[in-house]
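Peer 1: Have a look at this one before I ask anything.
The values are calculated or read from the model by the stated rules, or taken from the named source; none is laboratory data. Everything quoted here is computed from the prediction, not taken from an experiment. Quick reminder, even Gly has a Cβ in these numbers, built from the backbone with ideal geometry, and neighbours come from all protein chains shown. Surface accessibility is based on the protein's heavy atoms, side chains included, excluding ligands, DNA and RNA. Shrake-Rupley method; radii C 1.70, N 1.55, O 1.52, S 1.80 Å.
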Amino acid sequence: MAEHADHPAYPVGLRLSGRRVVVVGGGQVAQRRLPALIAAGADITLVSPSATPSVEAMADAGEIHWERRRYQDGDLTDTWYALIASDDATANEAASAEAERTRTWCVRSDNADVATAWTPATGRSEGVTVAVLSTDAQGRDPRHSAAVRDAIVEGLRDGTLAAPHHRTRPTPGVSLVGGGPGDPDLITVRGRRLLAEADVVIADRLGPRDLLDELPPHVEVIDAAKIPYGRFMAQEAINQALIEHAKAGKAVVRLKGGDPFVFGRGMEEAQALAAEGIPCTVVPGISSSISVPGAAGIPVTHRGVAHEFTVVSGHVAPDDERSLVDWAAVARLRGTLVLLMAVDKIGAIAKALIAHGKAPGTPVALIQEGTTAAQRRVDATLATVGERAAAEEVRPPAVIVIGDVVAVGTATLPNPAE
């Protein structure tokens, strides 16, 4: 390879589906590279006397064929691509020499200079593979290549790197996107990408509002709380807005706080769209029922303390005939109770839980505007939480955690505002 060292590598995408690939060595390099080869549909043979547990699991699952021995001359017969990554320098040299004789493209993890192929820093976004190779043969910098790869892929995923479709564009329809608990960094990668591709965004008040400022200027942003209701109820008006914009051929994102199906009425919207024959994609979000307690330093489960957690909507008081909650059963649970939409009902809920046998001294935490810069935590007990919430002027949105996990550990994770 010395006479070729001054020339840059020629980038190409190998189509390995159904074609023989040999991997020599079952260590950490093979563990990192094998999943992509499996995804490419390659017929993979691993030659190695040992392997990491993850590589062994791939063999046990039938994803690769494992020859549990050292490399032997002839192992690369009829091979299209070889990855040489063992800790046996002699075997690596011999396998590399065979690859040269048989005209097999060969990657060497121990000595890239004598290899006939290099593995690029690779990442994937929706429908696109990004592969980065250094063009400087004398000063290859894998970390720089990986950093460039990461910057491009992240930009494509979150929409900060504009790459409009020319032959095709997103299919008109509606995406119900869970925006997470409030911190814009906690939306999923897919949710953020769909936002970047949207023509219309219908946003909830509790969604990650900071993301709306990042949208391109042509995107129409509609505040769901300000949709004129007319003869419709609030949810019916939102459903109608989704339907009208989708039927107009627009790519619509319904941006919701938390997860669309956790007290988010997402299924009602999906059903309304289905009735009109409109395609609907559901993108799960991080629920505030788990993430907000975590941000405040409270695990909803903890070994030896709580083996289960229950999430309950508190928007209806226990004595309200519309309530669907069996508060007596909830009071008997020994695990963690997480209440959403319960700030103005917490006093009545606490009294009901105590009346049904819950200990008055049970720890309670109220976390207001969790994961945002305005996050704050107020601690109380079941007996005092009603008075504490009023005295501290706790306001929605707030997540309330009831149970011994509140007292687990005395250190609280840093407040996002600090």
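Peer 1: Just to be sure I understand, how many residues within the stretch 68-107 are surrounded by fewer than 21 Cβ atoms within 10 Å (Cβ to Cβ), part of a loop (DSSP other than H, G, I, E, B) and not small (Gly, Ala, Ser)? First the steps, then the outcome.
Peer 2: If we filter the stretch 68-107 for residues that are surrounded by fewer than 21 Cβ atoms within 10 Å (Cβ to Cβ), which is where we start, we get 68-70, 72-75, 77-80, 87-91, 93-94, 97, 100-103, 105, 107.
Now drop any that are not part of a loop (DSSP other than H, G, I, E, B), which leaves 68-70, 72-75, 77-80, 87-88, 102-103.
Adding the requirement that they be not small (Gly, Ala, Ser) leaves 68-70, 72-73, 75, 77-80, 87-88, 102-103.
Residues that pass the stated criteria total 14.
Peer 1: For a quick check of your reading of the model, give me the residue pairs whose first member lies in the stretch 253-281 and is part of a loop (DSSP other than H, G, I, E, B) and open to solvent by less than 70 Å² (accessible area, probe 1.4 Å), whose second is of a type in the set (Asp, Glu) and modelled with pLDDT under 95, with beta-carbon atoms closer than 6 Å and at least 6 apart or on different chains.
Peer 2: Pairs found: Gly257/Asp204.
Peer 1: Quick check on Gly314: is it without any contact (Cβ under 8 Å) to a residue 40 or more places away in the chain and either under 30 Å from Thr362 (Cβ atoms) or open to solvent by 30 Å² or more (accessible area, probe 1.4 Å) (or both)? Break it down into steps so the answer makes sense when it comes.
Peer 2: Values: without any contact (Cβ under 8 Å) to a residue 40 or more places away in the chain: no; either under 30 Å from Thr362 (Cβ atoms) or open to solvent by 30 Å² or more (accessible area, probe 1.4 Å) (or both): yes.
So Gly314 fails the test.
Peer 1: List the pairs whose first member sits in the stretch 87-113 and is closer than 15 Å to Val47 by Cβ, whose second member is basic (Lys, Arg) and not in a helix (DSSP H, G or I), and whose Cβ atoms are under 7 Å apart, counting only residues at least 6 apart or on separate chains?
Peer 2: Matching pairs, first to second residue: Asp88/Arg70; Ala91/Arg70; Asn92/Arg108; Ser96/Arg108.
Peer 1: I'd like the full set of residues that are part of a helix (DSSP H, G or I), more than 23 Å from Ala329 (Cβ to Cβ) and not hydrophobic (A, V, I, L, M, F, W, C), limited to the stretch 345-395. Let's see the steps before the verdict.
Peer 2: Quick first cut of the stretch 345-395, residues part of a helix (DSSP H, G or I) only: 345-355, 385-391.
So of that shortlist, the ones also more than 23 Å from Ala329 (Cβ to Cβ) come out as 387-391.
Result: Glu387, Arg388.
The rows are residues; the columns are (1) modelled with pLDDT of 95 or more; (2) assigned to a loop (DSSP other than H, G, I, E, B).
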{"residue": "Leu14", "(1), (2)": "no, yes"}
{"residue": "Gln31", "(1), (2)": "no, no"}
{"residue": "Leu46", "(1), (2)": "yes, no"}
{"residue": "Pro49", "(1), (2)": "yes, yes"}
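Peer 1: Quick check on my filter: what residues within the stretch 196-232 are of a type in the set (A, V, I, L, M, F, W, C), open to solvent by 50 Å² or more (accessible area, probe 1.4 Å) and at pLDDT 85 or above?
Peer 2: The answer is Val221, and nothing else.
Peer 1: Here are the criteria: (1) among the aliphatic types (A, V, I, L, M); (2) open to solvent by 20 Å² or more (accessible area, probe 1.4 Å); (3) part of a loop (DSSP other than H, G, I, E, B). Tell me which single one Ile298 does not satisfy.
Peer 2: Checking Ile298 against (1) among the aliphatic types (A, V, I, L, M); (2) open to solvent by 20 Å² or more (accessible area, probe 1.4 Å); (3) part of a loop (DSSP other than H, G, I, E, B), the one that fails is (2).
Peer 1: Continuing with this model, one more query. Give me the pairs, please: first residue somewhere in the stretch 357-368 and touching a residue at least 40 places away in the same chain (Cβ under 8 Å) and under 19 Å from Asp344 (Cα atoms), second residue anywhere and assigned to a loop (DSSP other than H, G, I, E, B) and among the hydroxyl-bearing types (Ser, Thr, Tyr), beta-carbon distance under 6 Å, and either six or more positions apart or on two chains.
Peer 2: none
Peer 1: Let me ask something additional. Consider Arg124 against the criteria (1) at pLDDT below 90; (2) in a loop (DSSP other than H, G, I, E, B); (3) of a type in the set (Lys, Arg): it satisfies all of them except one. Which criterion is unmet?
Peer 2: Only one criterion in (1) at pLDDT below 90; (2) in a loop (DSSP other than H, G, I, E, B); (3) of a type in the set (Lys, Arg) is unmet by Arg124, namely (2).
Peer 1: Tell me, which residue of the stretch 335-344 that is touching a Gly at 6+ places or on another chain (Cβ under 6 Å) and in a loop (DSSP other than H, G, I, E, B) is surrounded by the most Cβ atoms within 10 Å (Cβ to Cβ)?
Peer 2: Looking at the filtered set, the residue picked out is Ala342.
Peer 1: Follow-up question, since we're still on this one. Just need a number here: residues in the stretch 16-29 that are open to solvent by 20 Å² or more (accessible area, probe 1.4 Å) and modelled with pLDDT of 95 or more.
Peer 2: Qualifying residue count, the stretch 16-29: 4.
Peer 1: In the stretch 388-401, what residues are more than 25 Å from Gly258 (Cα to Cα) and either in contact with a helix residue (DSSP H, G or I) (Cβ under 6 Å, 6 or more places away or on another chain) or free of Cβ contacts under 8 Å to residues at least 12 places away in the same chain (or both)?
Peer 2: Ala391
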